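*Asks:* For reference, the structure I am asking about is given below.
The values are calculated or read from the model by the stated rules, or taken from the named source; none is laboratory data. What you are looking at is a predicted structure, and each value in this text was computed from that prediction instead of being measured. So basically every Cβ, Gly included, is an ideal-geometry build from the backbone, and we count neighbours across all protein chains shown. The protein model used for the area step is the full one, side chains on, heavy atoms only, and it has no ligands, DNA or RNA in it. Shrake-Rupley method; radii C 1.70, N 1.55, O 1.52, S 1.80 Å.
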Amino acid sequence: MRTIPVKMYPYHESLGSALYGKERPTWKMPEPFTESVHHVVWKFLLMKKLLKSINDQMSPFFCSVDLDNPEVKLSPLPSFLRQKGLTSKHVDNWMSTAQKAFREQMSQYTAFECPANAHAWKVAEKDVRSVIRENAIPVLDASRGILTLAGGADDIKQIKAPVENIVLKAMDQIKRQTDSVSEIMNMSPVMFYILQQEGFQKAAQDISPDMKLSFDEGTQKLTITGLPAEVFQTKAWILEKNVGMSKKQLNFPALKFPLNSTK
């Protein structure tokens, strides 16, 4: 009969490991892995020089972080294999534990996008930077027509709406400079007065506060300037009021005066 030697070591649950003594097994270092970070968030981390802080927070998990590119590399620290009470469970779970810790860190940062072209960004940049200050970074992708801002999650929550309003206003300004049209309508001063009583100014403001209206009593013409859709909607409102207006023709007899009057 063949004899197979079997070695036995006391296992201590409180330590989570057996006391192997000098015959402790050699564990294999876990493999590094990568985590994708939003490219603008990654730029923000570099700008704020947060690499050391991130690594300090990851050290309890025996993990080092390499921020050389947005595909962030996470590697086990050499001290991982030297920790007391190391078991196969620690080795097997290192990646999932480090991954969870890193993702929790990254949840402190976020990014958002809004439509913007190069012309609009030129108009809006100064105002946007005055809002975000040092709390975020803006990156324009002119090829996609997208402006991305990244920073701390709490800061981004506060600046998102103001920045979107600034950029939207700039986009509208550029669009008006390139796409605005002017339409001229013949209109008597009396009709213009009646339309004003019907709420013409308020209706035009509701359509667009940036639309321009100009009435010339001398030429009896109303000029409407704005985006094509706005001008069309304004003309439709005028025509609708005109059609729905009650009209009645009155005939007055001609008054006759003597050619030569005497007192």
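*Asks:* Those residues that are surrounded by 14 or more Cβ atoms within 10 Å (Cβ to Cβ), out of contact with any Gly (no Cβ under 8 Å at 6 or more places or on another chain) and more than 20 Å from Phe44 (Cα to Cα), I need them from the range 112-132; list them, please.
*Replies:* Correct list: His119, Ala120, Val123, Ala124.
*Asks:* If you don't mind, another one. Would you confirm, using the coordinates I've provided, whether Ala161 is open to solvent by less than 80 Å² (accessible area, probe 1.4 Å) and under 14 Å from the mean Cα position of the chain (by Cα)? Spell out how you get there, then give the answer.
*Replies:* Details: open to solvent by less than 80 Å² (accessible area, probe 1.4 Å): yes; under 14 Å from the mean Cα position of the chain (by Cα): yes.
Criteria met by Ala161.
*Asks:* Would you mind telling me which numbered condition in (1) assigned to a helix (DSSP H, G or I); (2) out of contact with any helix residue (DSSP H, G or I) (no Cβ under 9 Å at 6 or more places or on another chain); (3) farther than 30 Å from Pro138 by Cβ Arg176 fails?
*Replies:* Result: Arg176 passes all but (3).
*Asks:* I'm checking my understanding of the structure. Among residues of the range 63-97 that are within 16 Å of Thr34 (Cα to Cα) and in contact (Cβ under 8 Å) with a residue 40 or more places away in the chain, which one is surrounded by the fewest Cβ atoms within 10 Å (Cβ to Cβ)?
*Replies:* Going through the qualifying residues, I end up with Lys73.
*Asks:* Take the residues in the range 171-196 that are more than 25 Å from the chain's Cα centre (by Cα) and without any contact (Cβ under 8 Å) to a residue 12 or more places away in the chain; name whichever of them is nearest to Glu240 (Cα to Cα).
*Replies:* Ranking the candidates gives Gln196 first.
*Asks:* Looking for something open to solvent by 20 Å² or more (accessible area, probe 1.4 Å) and either over 15 Å from the mean Cα position of the chain (by Cα) or among the charged types (D, E, K, R) (or both) - is there at least one such residue anywhere in the range 143-150?
*Replies:* Yes, some residue in the range 143-150 is open to solvent by 20 Å² or more (accessible area, probe 1.4 Å) and either over 15 Å from the mean Cα position of the chain (by Cα) or among the charged types (D, E, K, R) (or both).
*Asks:* For the range 133-149, give me each residue that is assigned to a loop (DSSP other than H, G, I, E, B) and closer than 17 Å to Leu46 by Cα. Step through it out loud before you land on a result.
*Replies:* Quick first cut of the range 133-149, residues assigned to a loop (DSSP other than H, G, I, E, B) only: 133-135, 142-145.
Correct list: Arg133, Glu134, Asn135.
*Asks:* Given the conditions (1) open to solvent by less than 60 Å² (accessible area, probe 1.4 Å); (2) closer than 22 Å to Ala170 by Cβ, report the number of the one that Ala101 does not fulfil.
*Replies:* Of the numbered conditions (1) open to solvent by less than 60 Å² (accessible area, probe 1.4 Å); (2) closer than 22 Å to Ala170 by Cβ, the odd one out for Ala101 is (2).
*Asks:* Within the range 112-132, work out how many residues are under 15 Å from the mean Cα position of the chain (by Cα), under 15 Å from Ile174 (Cβ atoms), part of a helix (DSSP H, G or I) and not hydrophobic (A, V, I, L, M, F, W, C).
*Replies:* 1
*Asks:* Going by what's in this entry, would Ala142 be described as among the small types (Gly, Ala, Ser) and modelled with pLDDT of 95 or more?
*Replies:* Considered against the rule, which asks whether it is among the small types (Gly, Ala, Ser) and modelled with pLDDT of 95 or more, Ala142 comes out as no.
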